[in-house]
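I have placed the structure first, in the form of structure tokens, so that the comments after it can refer back to it.
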Ligand code: ADP
């Protein structure tokens, strides 16, 4: 492993975008897309101009979570004009092809598509640059993720994990990938950290307790915050009514606000 060539210098950077933050996870299903969207909305709530790039080739979900069905129109120089939803500029691999097709792409094809979404979308203009672009990465640490981190100027990475051992092992791999490609680790978010018993108010640690916090300590990376399992968060995503936008003063939104302030 140590004999591997060093990562080439990152090249592409979307125009008129001040910061690119990627949200990654070692494993699928830990809530990476939910966290990416909620973080984007929370950043927007801080008064920033924010874009969300759904780069999850294995299951693009932003169009569904935001209720955006029309793909971007094309502007000058074949630039995609991203649709807007809840104040976010959005583009998704799901707009380029149908989900089944993206999933079977070979690495180079997927990488090319992601590069296109990054650099050929009109995220910002000279007069109105985007403050932050949040990129919902494909889960895992394969070739596509490696190429994305090597070829894009990324300002920081957020890693999402549940407290479960299996998820943590993979989260550690995701952190290693970012470290090896010299991407700054902004920190870890523990998702699905507990479920509140609606009757007693007691916390049920469905996936174990504090696993991601302990991982952050062990790896000496920041712990950005924890988010409970909340049926309203799931429902909001399924119904294209994202909870953070819908209830900006609710517990979940406040948690994401704190994460947004920390990144
Ligand atoms: P990933 O992007 O890691 O595959 P998703 O964000 O798509 O994961 O989440 C998987 C499922 O879990 C979705 O149905 C989502 O709505 C739900 N989910 C994610 N985080 C939470 C949470 N904190 N509380 C309740 N449901 C959640």
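The values are calculated or read from the model by the stated rules, or taken from the named source; none is laboratory data. This one's a predicted model, so the numbers in the text were calculated from it and none came from an experiment. FYI the Cβ positions are ideal-geometry reconstructions off the backbone, even for glycines, and counts take in every protein chain you see.
Quick rundown of the values:
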item: Residues that are in a loop (DSSP other than H, G, I, E, B) and free of Cβ contacts under 8 Å to residues at least 24 places away in the same chain, drawn from segment 210-229; result: 220
item: Residue, nearest to residue 239 (Cα to Cα), within segment 25-41, restricted to residues that are near the ligand (Cβ under 6 Å from one of its atoms) and assigned to a helix (DSSP H, G or I); result: 34
item: Failed item, numbered, when residue 162 is tested on (1) buried (at least 23 other Cβ atoms within 10 Å of the Cβ); (2) in contact with a helix residue (DSSP H, G or I) (Cβ under 6 Å, 6 or more places away or on another chain); result: (2)
item: Some residue of segment 184-204 being farther than 23 Å from residue 260 by Cα and surrounded by 16 or more Cβ atoms within 10 Å (Cβ to Cβ); result: no
item: Filter result (part of a loop (DSSP other than H, G, I, E, B) and on the phi < 0 side of the Ramachandran plot) within segment 72-103; result: 72, 75, 79, 82, 83, 97, 98
item: Condition met for residue 183 (closer than 17 Å to residue 45 by Cβ and touching a helix residue (DSSP H, G or I) at 6+ places or on another chain (Cβ under 9 Å)); result: no
item: Test: residue in segment 51-69 that is out of contact with any helix residue (DSSP H, G or I) (no Cβ under 8 Å at 6 or more places or on another chain), more than 14 Å from the ligand (Cβ to nearest atom) and outside any loop (DSSP other than H, G, I, E, B); result: no
item: Residue list for segment 13-28, filter: at pLDDT 95 or above and farther than 17 Å from residue 216 by Cα; result: 16, 17, 18, 19, 20, 21, 22
item: Residue 260 surrounded by 18 or more Cβ atoms within 10 Å (Cβ to Cβ), more than 15 Å from the ligand (Cβ to nearest atom) and not in a loop (DSSP other than H, G, I, E, B); result: yes
item: For residue 250: the one exception among (1) free of Cβ contacts under 8 Å to residues at least 40 places away in the same chain; (2) within 17 Å of the chain's Cα centre (by Cα); (3) under 13 Å from residue 42 (Cα atoms); result: (2)
item: Qualifying position, being in contact with a strand residue (DSSP E or B) (Cβ under 6 Å, 6 or more places away or on another chain), surrounded by 17 or more Cβ atoms within 10 Å (Cβ to Cβ) and on the phi < 0 side of the Ramachandran plot, among 66, 114; result: 66
